[in-house]
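Here's the structure, in structure tokens; my notes come after.
The values are calculated or read from the model by the stated rules, or taken from the named source; none is laboratory data. Everything numeric in this text was worked out from a predicted model, so none of it was measured. Note that we place each Cβ from the backbone using ideal geometry, even for glycine, and neighbour counts take in every protein chain shown. These area figures cover heavy atoms from the full protein model, side chains too; ligands, DNA and RNA do not enter into them. Shrake-Rupley method; radii C 1.70, N 1.55, O 1.52, S 1.80 Å.
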Amino acid sequence: MASVEIRDVRKAYGSQQVIHGVSIDIQDGEFVILVGPSGCGKSTLLRMVAGLENITGGEIRIGPRVVNNVAPKERDIAMVFQNYALYPHMTVADNMAFSLMLKKAPKAEIAEKVNRAAEILGLTPLLDRYPRQLSGGQRQRVAMGRAIVRDPQVFLFDEPLSNLDAKLRVSMRGEIKALHQRLKTTTVYVTHDQIEAMTMADKIVVMHDGIVEQMGAPLDLYDRPVNLFVAGFIGSPAMNVLEGTIDSSGFRVGNMVLPVQSAPAASVGRPAYYGIRPEHFQLRADGMPVEVIVVEPTGSETQVVARAGHEEIICVFRERISARPGETILVAPDPALVHLFDRDSGRRIN
Amino acid sequence: MADAAVQDRILLPSEPKASLLKSRGMVGFLFMLPALAFLLIFLTYPLGLGVWLGFTDTRIGRDGIWIGLENYQLLWEDSLFWLSVFNTLLYTITASILKFALGLWLALILNEHLPFKSFFRAVLLLPWVVPTVLSAIAFWWIYDSQFSVISWGLIELGIIDTPINFLGDMENARASVIAANVWRGIPFVAITLLAGLQTISPSLHEAATLDGATGWQRFRHITLPMLSPLIAVVMTFSVLFTFTDFQLIYVLTRGGPLNATHLMATLSFQRAIPGGQLGEGAAIAVAMIPFLLAAILFSYFGLQRRKWQQGGAD
Ligand SMILES: Nc1ncnc2c1ncn2[C@@H]1O[C@H](COP(=O)(O)OP(=O)(O)O)[C@@H](O)[C@H]1O
Ligand SMILES: [Mg+2]
């Protein structure tokens, strides 16, 4: 196991720069997730760690060693690809044994390691099958098995769950996390799905257009997004964002005034964004009136799309609501949980 | 299984469905008729006629009579026939091995990131596009005993003193026609294998690289096994084309010198048309069939073994 240090790394394809100086510290044994919209450079960064792409600038260390010019196979990492990249002409057992066979490990050792990985992943009855004869979830597990038998310093995952159906994705999420808790191998995991990131990561790195927007523990990102992009990206349904100005009594949007607990004095009178998560509204008699557009009960909670002034907002309540579309309900944002962002820079100001 | 049984029970008693199925089969048969007629007229009839002629003593301009296996008995004792069998096998095996090796090598090169890649790919197809007779005539000049450009070049370079007798010497002639056939056959092998190479997902190579494979190991453990089904098909076709080759030999050497390049196809033609012995010529052609069937069966069983290609449960 090893730490991974990414220091001011850049990547350009020809004249087009796609990674603009990214620095990330990954502790030994940590589970770090790179998350961001499609095309933001997550895979490129991961592939640079793996050694499948050249590093245009900056430095990557695995353990104490700078690996910029180290061949992929010398880096002692294992990668799970989005399409699994299983060798179609080899059985499950041979797929997992391939790296050990190349290393000319003794047959008994290979068999033992493969059997142990198969046991961990529940693949024992499938060892003689070919990849074509497996379901998506089983292939996913074989891909992980191939990584496990190597016992590498670092696991890299590139969107490993995005080819699975929703239900399987949830259960594989749990399995990968359990596997990490068992093996404690440093893991870098790429996904565009913020729920995956929130549920699995020790640390999340939010990327956007080739830069890191914010890095931190999942709940820190949820509670204190540093800018509008992270605020909108983390959390589902997404945070409500309203444009207006901060004044002494609160936050003014059109002729509505929304409560704010603590706005810095310097920002009064400035144009800004008001962010409030759907789950941070309460039904209160002294709330503001909003017109219900859609009510979506999920059983455990109720999601309401409503119109406040000219803006549309989404609220989520733990309680059940009997309101119908067109009716008016009174809702109040929790002032302690309001996020304020500067309009020009998008940075957090409270 | 259970589902099917249930369906059977539901479907069987319903009369209209059964008659519909019957008429469906009829319609299907009608649709197949044109293809069937086509096959009968253009494939089965000439083949059947050839086989029948082989059992007669037909000559040009004179109907023959059934003579049983006499033609084959004659061939069995005919040393020229056996020489042509040897020549054909030598020609086919050598040329196919060379075409495979060079074609695969070219395909691997063209699959890399290479400047002017599409230009090279287009150039590669040229030998295949030029009509055989034209390229054969070009080779005829290249191999000319006086004016050969190869001899000229080597003499200019001071490597040899006298022109090479390409088509006049037995060994040289064999090598020359094989070289010409290889030149002509490489594009088919190379382009087809290139197409096969491009279906191999790059992530397989990346996975193997991370698993610690060197370039040679990736070729040996990924590229070659994944390409092998296609190789079987391509090489079967290549062997069939080479085994039945006629035009190239006929233009370059007509089977000479001293019958060193007579193939079964050219010998068959020579006996049947210029020689007038249609029956004997047909018998030689029919004698090629077992070899061709063997080649096809070989690749058929070679193809069947690859279990990993078949999807689904066991
Ligand atoms: N081989 C390449 N050549 C040029 N541009 C590329 C190449 N690979 C990726 N890119 C560009 O780099 C950016 C980041 O790609 P990628 O890392 O795959 O994004 P992500 O994995 O976050 O969806 C994209 O804009 C993509 O178009
Ligand atoms: Mg990607």
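Details
- The single condition from (1) free of Cβ contacts under 8 Å to residues at least 40 places away in the same chain; (2) surrounded by 18 or more Cβ atoms within 10 Å (Cβ to Cβ); (3) closer than 26 Å to A:Pro64 by Cβ that A:Asp151 fails is (2).
- Qualifying residue in segment A:38-46 (condition: of a type in the set (S, T, N, Q), open to solvent by 40 Å² or more (accessible area, probe 1.4 Å), over 24 Å from B:Ala207 (Cβ atoms) and assigned by TED's automatic domain parsing to the domain that holds A:Met200): no
- Criterion (out of contact with any Pro (no Cβ under 6 Å at 6 or more places or on another chain), away from every other protein chain (no Cβ under 14 Å), closer than 30 Å to A:Arg348 by Cα and not in a strand (DSSP E or B)) met by exactly one of A:Tyr222, A:Tyr189: A:Tyr222
- Odd one out for A:Pro160 among (1) within 15 Å of A:Arg141 (Cβ to Cβ); (2) within 16 Å of ligand 1 (Cβ to nearest atom); (3) more than 15 Å from the chain's Cα centre (by Cα): (3)
- Which listed residue, of A:Ile55, A:Ile77, is within 13 Å of another protein chain (Cβ to nearest Cβ), out of contact with any Ser or Thr (no Cβ under 8 Å at 6 or more places or on another chain) and either within 15 Å of ligand 1 (Cβ to nearest atom) or among the hydrophobic types (A, V, I, L, M, F, W, C) (or both): A:Ile77
- With respect to the stated conditions, B:Leu40 is open to solvent by 50 Å² or more (accessible area, probe 1.4 Å) and over 18 Å from B:Gly279 (Cα atoms).
- Segment A:185-224, residues that are within 16 Å of ligand 2 (Cβ to nearest atom), under 19 Å from A:Val170 (Cβ atoms) and of a type in the set (Gly, Ala, Ser): A:Ala197
- Positions within segment A:33-52 being among the small types (Gly, Ala, Ser) and within 12 Å of chain B (Cβ to nearest Cβ), in sequence order: A:Ser43, A:Ala50, A:Gly51
- When A:Arg129, A:Arg141 are screened for being part of a helix (DSSP H, G or I) and either surrounded by fewer than 24 Cβ atoms within 10 Å (Cβ to Cβ) or away from ligand 2 (no atom under 16 Å from the Cβ) (or both), only A:Arg141 passes.
- Residues being of a type in the set (Val, Ile, Thr) and within 14 Å of chain A (Cβ to nearest Cβ) - total across segment B:223-245: 2
- A:Val92 satisfies every condition listed in (1) within 14 Å of chain B (Cβ to nearest Cβ); (2) open to solvent by 30 Å² or more (accessible area, probe 1.4 Å); (3) more than 16 Å from ligand 2 (Cβ to nearest atom); (4) in contact (Cβ under 8 Å) with a residue 40 or more places away in the chain except (2).
- Considering residues of segment A:254-269 that are loosely packed, with under 11 Cβ neighbours inside 10 Å and farther than 15 Å from A:Arg343 by Cβ only, the residue farthest from the chain's Cα centre (by Cα): A:Asn255
- Residue in segment A:108-115 that is assigned by TED's automatic domain parsing to the domain that holds A:Thr187, open to solvent by less than 20 Å² (accessible area, probe 1.4 Å) and not β-branched (Val, Ile, Thr) present: no
- Residues in segment A:154-184 that are of a type in the set (S, T, N, Q) and part of a helix (DSSP H, G or I) were compared, and the one that is farthest from ligand 2 (Cβ to nearest atom) is A:Gln181.
- Between A:Leu337, A:Leu283, the distinction of being in the same structural domain as A:Ile246 (by TED's automatic domain parsing), of a type outside the set (Asp, Glu), exposed (fewer than 15 other Cβ atoms within 10 Å of the Cβ) and modelled with pLDDT of 90 or more belongs to A:Leu337 only.
Residues checked against (1) open to solvent by less than 90 Å² (accessible area, probe 1.4 Å); (2) touching an Asp or Glu at 6+ places or on another chain (Cβ under 7 Å):
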| residue | (1), (2) |
| --- | --- |
| B:Leu53 | yes, no |
| B:Asp63 | no, no |
| B:Ile67 | yes, yes |
| B:Leu80 | yes, no |
| B:Val85 | yes, no |
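- Within segment B:257-280, tally of residues that are over 15 Å from B:Leu75 (Cα atoms) and open to solvent by 50 Å² or more (accessible area, probe 1.4 Å): 4
Residue-wise test of (1) closer than 23 Å to A:Ala201 by Cβ; (2) acidic (Asp, Glu); (3) more than 16 Å from ligand 2 (Cβ to nearest atom).
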{"residue": "A:Asp25", "(1), (2), (3)": "yes, yes, yes"}
{"residue": "A:Leu46", "(1), (2), (3)": "yes, no, no"}
{"residue": "A:Asn54", "(1), (2), (3)": "no, no, yes"}
{"residue": "A:Ile60", "(1), (2), (3)": "yes, no, yes"}
{"residue": "A:Phe81", "(1), (2), (3)": "yes, no, no"}
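- Residue ID - farthest from A:Asn227 (Cα to Cα), chosen from residues in segment A:313-338 that are part of a strand (DSSP E or B) and touching an Asp or Glu at 6+ places or on another chain (Cβ under 9 Å): A:Thr328
- A:Tyr13 falls short on exactly one of the conditions (1) of a type in the set (Phe, Trp, Tyr); (2) in contact with a helix residue (DSSP H, G or I) (Cβ under 8 Å, 6 or more places away or on another chain); (3) within 16 Å of ligand 1 (Cβ to nearest atom), and that condition is (2).
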